[in-house]
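Below is one structure, written out as structure tokens; the observations come after it.
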Amino acid sequence: MDEKSLFLGFDHMGINCNTGTDAADNAALVHTLFGFDVIDGKDSIYAGPAIELMKDGDAGRGKFGHIAVATRDIHEAQKHLEEKGFEFDPTSVKYDSKGQLIVVYLKSEISGFAIHLLKK
């Protein structure tokens, strides 16, 4: 499988905020700017489909946050990147309710942003 069919592209950016209040304030600002819907979750607040504001920045991955890259086949995508010499953090995996892998983070960051694969 080639990279163009394996990786669907950018999915969303997570921004580490200091507190839940900071995340809510920033989500409100994004809503005011662009009219994006705000969805409050347990650990984060989404402002539109592509901006995730993490409520506890110290608990979020990456110095500043994270970038999610969507893939149809997360196992194949992980294998492809490992063959290029990249390593994944085994403590970062998340599974859906059916026990299928849906998230895994690379060990390395890009300019302070953690990178994770997201099964779509």
About its Cα centre, what dipole magnitude does the chain give when the only charges are +1 on Lys and Arg Cβ and -1 on Asp and Glu Cβ, stated in debye to the nearest 20? 220
Just from its helices, what would the mean residue ellipticity at 222 nm be for the chain, if runs of 4 or more DSSP H residues each count -39500 (n - 2.57) and the sum is divided by every residue, rounded to the nearest 500 deg cm²/dmol? -7000 deg cm²/dmol
Ranked highest first by the average count of other Cβ atoms within 10 Å around their residues, in what order do 34-41, 49-56 fall? 49-56, 34-41
Report the one residue of P90, V38, A68 whose Cα lies farthest in the direction of the positive end of the charge dipole of segment 3-119 (charges on C-beta: Lys and Arg +1, Asp and Glu -1; origin at the Cα centre). P90
Please figure out what share of the DSSP beta bridges in segment 65-120 is antiparallel and state it in percent, rounded to the nearest 5. 55
Local charge sum around K84 (other residues, Cβ-Cβ under 15 Å, Lys/Arg +1, Asp/Glu -1)? -4
Once Lys and Arg get +1 and Asp and Glu get -1 on their Cβ, which of A114, G57, G9 lies farthest toward the positive end of the dipole of the chain? G9
Write down the radius of gyration of the chain and its Dmax, each obtained from C-alpha positions, in Å. 14.9, 44
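Every read-out reported here was derived from the displayed coordinates using simple, explicitly stated rules and does not represent laboratory data. Not measured: the values here are computed from a predicted model. Here the Cβ is made from the backbone with ideal geometry for all residues, glycine too, and neighbour counts use every protein chain on show.
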